[in-house]
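The block underneath contains the structure these notes are about, expressed in structure tokens.
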Amino acid sequence: MTRYDVRSLLPSDFEDLLRSDREIFGGGDELGPYYVRLCCDFFADTCFVARVDDVVAGYLLSFVKDREAYCTTLAVHPRFQGSRAVMHLLRAFITRIAPDVDACWFTVKEDNHAARALHRTLGAREIGWRRDFYGAGDDRIVSRIDKAAFAALAQRYTRLGLVERTSLAEKRTPALRLVAGNA
Ligand SMILES: CC(C)(COP(=O)(O)OP(=O)(O)OC[C@H]1O[C@@H](n2cnc3c(N)ncnc32)[C@H](O)[C@@H]1OP(=O)(O)O)[C@@H](O)C(=O)NCCC(=O)NCCS
């Protein structure tokens, strides 16, 4: 069985994440270096990478605001798709956000059946559309794990003993610590 090392992002993940993004999404800079740098350096608490022998198997990028999480990117490298890497990432994500969050949002393209099915398994409901989201013609379905569904999901993870009861407020990313130390 594959052993995944799943952890919050570090500034040093930047290059690997960009490369992996190109390989997963096929060439174009889907994420873009500015966004990846923000995730690696400033929002690392809620962004995760799964590695196997130092190779990026997948990543999950999210942001938390006002007790709501926005999972902006979830991707598994084709080599590792179907290997449950995604479940390891989701476990790290839910474990980390559960104490701080009541709901979670995703956006997804209509023809992305794998991602839509995955969101459904987490209790998300498709509640609307965003037209021209990343540019003209890029229409996205918006789906949401609402308060009741998120509570049920968090309870499932708590029952399994997976939820770490530490609030985000008690955590600080290495980068933020560094900035504070240099001030
Ligand atoms: C979406 C993605 C993260 C899923 O990861 P994966 O490794 O392919 O998923 P898995 O094979 O482990 O399946 C996990 C669950 O997803 C669903 N799923 C996966 N592939 C599916 C498909 N082709 N059709 C329907 N459901 C599917 C199932 O619910 C499955 O659970 P099950 O195996 O218990 O039935 C991955 O396909 C991916 O990275 N795709 C490219 C990037 C992307 O589109 N990301 C999402 C938008 S940000």
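Here are the numbers:
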| read-out | value |
| --- | --- |
| Rounded if a/c under 1.5, otherwise prolate or oblate - the range 1-96, Cα gyration tensor axes | oblate |
| Surface accessible to a 1.4 Å probe, per residue, for the residues of the chain, Å² | 56 Å² |
| DSSP-assigned coil residues among GluC sites (Glu not before Pro) in the range 59-136, each with at most 13 further Cβ atoms within 10 Å | E110 |
| Alpha carbon convex hull of the chain, projected area averaged over orientations, nm² | 11.2 nm² |
| Global geometry of the range 108-149, whether rounded, prolate or oblate, following the gyration tensor of its Cα atoms and the 1.5 cut on a/c | oblate |
| Whole-Hz couplings from phi, Karplus 6.51/-1.76/1.60, listed for the range 68-76; x for Gly and Pro | 10, 9, 10, 8, 8, 8, 9, 8, 10 |
| Label-to-label distance, nm, for residues given as S12 and F63 (7 Å Cα→Cβ offset) | 2.8 nm |
| Within the accessible area of the chain (1.4 Å probe), percent carbon and sulfur | 51 percent |
| Value at 222 nm in deg cm²/dmol, rounded to 500, when DSSP H runs of n ≥ 4 in the chain each add -39,500 (n - 2.57) | -10500 deg cm²/dmol |
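The values are calculated or read from the model by the stated rules, or taken from the named source; none is laboratory data. In this text, all values refer to a predicted model and were calculated from it rather than measured experimentally. As a convention, Cβ positions derive from the backbone with ideal geometry for all residues, glycine included, and neighbour counts pool all protein chains shown. Accessible surface is based on the protein model in full, side chains and every heavy atom, while ligands, DNA and RNA are left aside. Shrake-Rupley method; radii C 1.70, N 1.55, O 1.52, S 1.80 Å.
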